Amino acid sequence: MITHKYDIVVIGSGPAGATVSRFAARAGLSVLLVDKKQELGAPIQCSGAVSRHALEEVGLPLAEEYILEPIYGFAIYDQAGKAKKIDYRRLKGEVYGPGPDRKPLGYVVDRRRFDRYCMMLAERAGVETWLKTEGLGYTPAADGSCTVQLRRYNQLLEVRCRVVVGADGLMSQVGKWAGLQTHIKITELAGCLQFIVDRVETDGLLEIITGHEWAPGGYAWVFPKGNGYAEIGLGVISTMTEHSAQWHLDKFMRQSFFKDRFAAARILEVQGGGVPLAAPLRTQYADNLILVGDAARHVNPITGGGIHTALSGGKIAADFLVKHLQGAEREDCSAGALAGYQSAWLAALGDKMWKLYHAKTAVFHQEDIPTRDAYLFKTMSDYFDPNSEYKKI
Ligand SMILES: Cc1cc2nc3c(=O)[nH]c(=O)nc-3n(C[C@H](O)[C@H](O)[C@H](O)COP(=O)(O)OP(=O)(O)OC[C@H]3O[C@@H](n4cnc5c(N)ncnc54)[C@H](O)[C@@H]3O)c2cc1C
């Protein structure tokens, strides 16, 4: 039975879904945002590093409620421990640093609190939100609208809308509902694991450790976590190693050039998840449907970071939908009519992400391991360089 009608129904309330919803509702569209979880952002499957620019770009207040730690730069290490440090406190100390007159470059955020905060802003913009509500499928209708099948608590129900937004993350089913090609190659899916630890010193930098020895197909990281805690993690590509991410993380902690630094570490929490180091989906729209965030593979293939691209992709999607659903062609929500979303996304962000994908592919096509390691270290160092053309992704 159809109980409600909306302009758009958004499936998944991560950073992408909450941002699409907020901007669409703010411009006057009626929006339903659903998430299958009963507690947003839990269990945490993210290190939470995000640039200040990314938050400001989508009008997110820099709130203590979700910020754990300010970040002032990066340290990129090669396999043997040689570091390239890019510390904005030294490079541009008049702008970046602690205190009221200077600012951080970015933050480590608490994803549980961050996701809840993003949803709260969406609600305040007028979005209707339903937790513990799973999207099950959708059916385009003859009149140009569609129905969306949901399970809310244990009840099955249908709502009607003009466009469904799939913001349902890496394991997205929404694209599959429409028959989109969402398959991800195992060679491009990084298995990630991180420990939240006490008793490991950090200094306001995101530390990135390259080298096949520590993280085949990916990299290891040490991020400050706030309260004196740190995140130590890594991502590996399963086809490039016989061992699990856990095996590599144990080895990294016990045998790497950081082993003395980690000697007293006390593990407080273990978190894990998959990251697509893949190209953006070639088609991100269908009849009455678009995809955004991890669901559309809007993930930086060099760093694996997806918060910024989920936020900015969310805003691009909302801007497109507002224009389309408030325009003269609003009755037409066919795939052809929604193709403009992908063009807008490519122009604003996607072309750069394709370039990053080609840069990443060039690294991992190197057969010789020392050559590949050197190439990855250089690519990472160039990416984080203050003059990098990608620094706003
Ligand atoms: C270990 C790890 C560390 C990471 N660290 C970083 C980092 O430091 N910085 C960074 O930028 N990125 C990081 N990422 C990547 C980042 O977490 C993702 O790119 C980002 O969360 C994508 O946002 P999203 O909104 O697209 O999807 P998600 O955050 O995955 O949100 C999807 C939402 O959809 C909901 N959902 C799924 N299916 C349904 C359904 N059928 N019905 C209703 N709801 C549904 C889920 O419950 C979820 O809430 C990391 C990832 C991992 C695994």
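The values are calculated or read from the model by the stated rules, or taken from the named source; none is laboratory data. Please read all numbers here as calculations on a predicted model, not as lab measurements. Here the Cβ is made from the backbone with ideal geometry for all residues, glycine too, and neighbour counts use every protein chain on show.
Which one is farthest from Tyr219 (Cα to Cα), of the residues in the stretch 293-349 that are polar (S, T, N, Q), within 13 Å of the ligand (Cβ to nearest atom) and part of a loop (DSSP other than H, G, I, E, B)?
Only one residue tops the list, namely Asn300.
Test of understanding: among Val270, Val275, which residue is touching a helix residue (DSSP H, G or I) at 6+ places or on another chain (Cβ under 9 Å) and over 23 Å from Trp354 (Cα atoms)?
Val270
Just need a number here: residues in the stretch 21-32 that are part of a loop (DSSP other than H, G, I, E, B) and either within 9 Å of the ligand (Cβ to nearest atom) or buried (at least 24 other Cβ atoms within 10 Å of the Cβ) (or both).
Count: 0.
For Ala42, only one of the following conditions fails: (1) surrounded by 18 or more Cβ atoms within 10 Å (Cβ to Cβ); (2) within 10 Å of the ligand (Cβ to nearest atom); (3) not in a strand (DSSP E or B). What is its number?
For Ala42, the exception is condition (1).
Check off (1) more than 7 Å from the ligand (Cβ to nearest atom); (2) crowded, with 24+ Cβ neighbours inside 10 Å; (3) more than 30 Å from Phe74 (Cβ to Cβ); (4) not polar (S, T, N, Q) for Ala18 and give me the number that stays unchecked.
For Ala18, the exception is condition (3).
Go over the candidates Asp250, Asp287 one by one and state the one that is under 30 Å from Asp203 (Cβ atoms), at pLDDT 95 or above, out of contact with any Lys or Arg (no Cβ under 7 Å at 6 or more places or on another chain) and away from the ligand (no atom under 16 Å from the Cβ).
Step by step, each of Asp250, Asp287 is checked, and only Asp250 is under 30 Å from Asp203 (Cβ atoms), at pLDDT 95 or above, out of contact with any Lys or Arg (no Cβ under 7 Å at 6 or more places or on another chain) and away from the ligand (no atom under 16 Å from the Cβ).
What pairs can you find where one residue is in the stretch 41-58 and closer than 17 Å to Ala16 by Cβ, the other is acidic (Asp, Glu) and more than 6 Å from the ligand (Cβ to nearest atom), and their Cβ atoms are less than 7 Å apart, with a gap of 6+ or different chains?
Cβ pairs passing all conditions: Gly41/Asp115; Gly48/Asp110.
Given the criterion polar (S, T, N, Q), within 19 Å of Ala24 (Cβ to Cβ) and either in contact with a strand residue (DSSP E or B) (Cβ under 8 Å, 6 or more places away or on another chain) or within 9 Å of the ligand (Cβ to nearest atom) (or both), identify the matching residue among Thr139, Thr133.
After ruling out the rest, the residue left standing is Thr133.
Out of all the residues in the stretch 367-380, is one or more part of a helix (DSSP H, G or I), under 20 Å from the mean Cα position of the chain (by Cα) and among the hydroxyl-bearing types (Ser, Thr, Tyr)?
Within the stretch 367-380, not a single residue is part of a helix (DSSP H, G or I), under 20 Å from the mean Cα position of the chain (by Cα) and among the hydroxyl-bearing types (Ser, Thr, Tyr).
Only residues in the stretch 84-104 that are at negative phi and part of a helix (DSSP H, G or I) count as the first member; pair them with residues that are among the aromatic types (Phe, Trp, Tyr) and surrounded by 12 or more Cβ atoms within 10 Å (Cβ to Cβ), Cβ under 7 angstrom, at least 6 apart or cross-chain, and list the lot.
Going by the 7 Å Cβ cut-off, the qualifying pairs are Tyr88/Tyr72; Tyr88/Tyr96; Arg89/Tyr72; Arg89/Tyr96.
Which condition from (1) out of contact with any Gly (no Cβ under 6 Å at 6 or more places or on another chain); (2) acidic (Asp, Glu); (3) surrounded by 19 or more Cβ atoms within 10 Å (Cβ to Cβ) is the one that Asp373 breaks?
Single failed check for Asp373: (1).
Report, by residue number, each residue of the stretch 128-140 that is part of a loop (DSSP other than H, G, I, E, B) and surrounded by 15 or more Cβ atoms within 10 Å (Cβ to Cβ).
Result: Leu131, single match.
Condition check ((1) surrounded by fewer than 17 Cβ atoms within 10 Å (Cβ to Cβ); (2) not in a helix (DSSP H, G or I)) across all residues:
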{"position": "Tyr107", "(1), (2)": "no, yes"}
{"position": "Leu121", "(1), (2)": "no, no"}
{"position": "Ala142", "(1), (2)": "yes, yes"}
{"position": "Val164", "(1), (2)": "no, yes"}
{"position": "Met171", "(1), (2)": "yes, yes"}
{"position": "His183", "(1), (2)": "yes, yes"}
{"position": "Val197", "(1), (2)": "no, yes"}
{"position": "Asp203", "(1), (2)": "yes, yes"}
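Can you tell me how many residues within the stretch 205-240 are over 17 Å from Phe258 (Cα atoms) and touching a strand residue (DSSP E or B) at 6+ places or on another chain (Cβ under 9 Å)?
Within the stretch 205-240, residues that are over 17 Å from Phe258 (Cα atoms) and touching a strand residue (DSSP E or B) at 6+ places or on another chain (Cβ under 9 Å) number 11.
Only residues that are among the small types (Gly, Ala, Ser) and either under 12 Å from Asp287 (Cα atoms) or touching a Cys at 6+ places or on another chain (Cβ under 6 Å) (or both): list them for the stretch 152-183, please.
Gly175, Ala178, Gly179
From the list Ile71, Ile67, which residue is within 11 Å of the ligand (Cβ to nearest atom), more than 30 Å from Tyr285 (Cβ to Cβ) and crowded, with 18+ Cβ neighbours inside 10 Å?
Answer to the selection: Ile71.
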